[in-house]
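The values are calculated or read from the model by the stated rules, or taken from the named source; none is laboratory data. Here the structure is a predicted model, which is why all the values come from computation and not from measurement. No Cβ is skipped: glycine too gets one built from the backbone with ideal geometry, and neighbour counts run over all protein chains shown. Note: accessible area is taken over every heavy atom of the protein model, side chains too, but ligands, DNA and RNA are not part of it. Shrake-Rupley method; radii C 1.70, N 1.55, O 1.52, S 1.80 Å.
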Amino acid sequence: MAKEKMGRRERKKQQSRQEILKAAVKNFSEKGFSKTSVADIMETADLGTGTFYNYFDSKEQILMCLLERLVRRVHDALEENRAAGKSQIELLDIACAITAEFLDENRFVLPLFLSASELTERKEKGQVMPTPGFKPVYKSIIEHGQELGEIRTDVPADLIAEMFHSIFQAAAFSKLGFTFQENVAMKTKLLLDGIRMQK
């Protein structure tokens with residue numbers, strides 16, 4: 001009985017946390033990150049304002065949680081496509097497409113995405129926590145592609161990974177008449193064509 005009660009309590013906590021995240025996404029999308037207050041988020045979540053701090057230290061921590069969601073989405077897609085025998089070039093294309101779709105739907109995360117590219121850890125409540133870093137994900141695929149002879153080896157993997165990351169910044173500030181995702185897709189294709197090992 002106590003175990004079942006504890007399970008119910010834990011489920012309720014998880015549900016409240018998800019409601020807060022959902023409410024934050026809605027408010028950030030409609031008002032922008034800076035104009036959204038904790039009170040706005042909690043009103044949308046239909047929870048007391050003080051409850052926010054049982055789950056998050058700040059609005060910035062919510063952004064980090066959303067980035068972690070993106071990392072998981074990319075990781076899961078890469079695992080699935082590796083198992084299906086996709087090439088490293090195809091994996092890079094898939095990672096870029098998923099990232100572009102997520103950032104397009106959650107534009108308020110973009111500044112943190114751009115600044116968090118290299119981060120691997122952060123402090124939270126006195127503990128060191130992993131932070132989503134995007135360049136290492138790309139670098140790992142690129143290095144493997146170089147080992148397999150799919151990707152050019154005359155350019156360092158670090159530099160290529162940096163170029164992939166810069167695609168999203170360039171697309172975000174582009175004044176051309178393409179959507180964000182179209183812009184990223186075209187830039188990705190050009191970069192993939194450039195790094196592909198010629199047979």
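Brief remarks follow.
- A crude spin-label estimate for the pair Val155 and Arg196, with each label 7 Å from Cα along the Cβ direction, gives 1.4 nm.
- Simple point charges give the picture: +1 on the Cβ of Lys and Arg, -1 on the Cβ of Asp and Glu, and for the stretch 20-125 a dipole about the Cα centre of about 200 debye.
- Listed residue pairs exceeding 32 Å between alpha carbons, taken from Lys12/Lys135; Lys13/Lys139; Lys86/Lys135; Lys59/Lys189; Lys13/Lys175; Lys86/Lys187: Lys12/Lys135; Lys13/Lys139; Lys59/Lys189; Lys13/Lys175
- Residue-normalised accessible area of the chain, expressed per residue, 1.4 Å probe, Å²: 58 Å²
- Residue-span extension gain [Leu148 to Asp46] - 0.36 nm each, minus C-alpha spacing: 31.4 nm
- Heavy-atom surface analysis with a 1.4 Å probe gives the chain a carbon and sulfur content of 53 percent of its accessible area.
- The chain: calculated mean residue ellipticity at 222 nm from DSSP helix runs of at least 4, using -39500 (n - 2.57): -22000 deg cm²/dmol
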